[in-house]
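Heads up, the thing below is written out as structure tokens.
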Amino acid sequence: MRVLVAADSAVTRAGLESVITQSPPLAVAGSVSTGNLNEQIRELQPDVVLLAWRRGLEESLDSWIESGPAFVLLTDDADQPSARAGFHSGLRAIIPLQASAREIAVAIEAAAEGLIVLHPDAVNARQAAGPGTRSAEAPDAPDALLTPREIEVLRLLAEGFANKNIAWKLKISEHTVKFHIASIFTKLNVSSRAEAVAIGIRQGVILL
């Protein structure tokens, strides 16, 4: 998985490059400041962009995300509205700047697989903010929460397919199917396939 590191601090870039270099199967595709990020994305065609966030980048975020690769955002303010809104336009992961090397690597791999990643610190911040901040992402709106791949998996769960069969139909590994199912359970706040399917049916994501 080719990762483009984007940060305005040379020290931060060096640290993130080291994390990627020491985390196979990841590889550094390039390392740039945010000023020429769009140009480097077009030239290098990375699978994932690892972006160290700073305030003032809000206006650029959407255009970067729309450029194609999965985005992993490193930030000290994971619950800011501009970062949360990015999930609706292609942002795949939000993790704190103080995350461990292992957490960063896992987030990159998950993002490359199409999963959405929220670090526990971000989840706790959103819960502390109260239910009023989550109206657009409530568990009863799965189509607003789930990625297209997760919706495919949910529909196959509704048809009664086992993990092995889902993997075969979607041409992905069984391990990846398990990742998708765990992500679906987390986003819909359920603990069983039946509960997930019930929400999908109720909201029209799964058609009977």
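Quick notes on this one:
- Members of region 192-208 that are small (Gly, Ala, Ser) and at pLDDT below 85: ALA198, GLY200, GLY204
- Of the candidates ARG54, ARG13, the single residue that is part of a loop (DSSP other than H, G, I, E, B), within 19 Å of GLN98 (Cα to Cα) and in the same structural domain as ALA110 (by TED's automatic domain parsing) is ARG54.
- Residue within region 75-92 that is within 25 Å of THR21 (Cβ to Cβ) and at pLDDT 85 or above present: no
- Which numbered condition ASN189 misses (of (1) surrounded by fewer than 15 Cβ atoms within 10 Å (Cβ to Cβ); (2) free of Cβ contacts under 8 Å to residues at least 12 places away in the same chain; (3) not basic (Lys, Arg)): (2)
- A Cβ distance below 7 Å, combined with a sequence gap of six or more or placement on separate chains, defines the contacts here; from region 85-114, residues that are on the phi > 0 side of the Ramachandran plot reach residues that are assigned to a helix (DSSP H, G or I) and modelled with pLDDT of 80 or more in the pairs GLY114/ARG149.
- Residue list for region 2-29, filter: of a type outside the set (Val, Ile, Thr) and surrounded by 19 or more Cβ atoms within 10 Å (Cβ to Cβ): LEU4, ALA6, ALA7, ARG13, LEU16, LEU26, ALA29
The values are calculated or read from the model by the stated rules, or taken from the named source; none is laboratory data. Just so it is clear, the model here is predicted, and its values are computed rather than measured. As a convention, Cβ positions derive from the backbone with ideal geometry for all residues, glycine included, and neighbour counts pool all protein chains shown.
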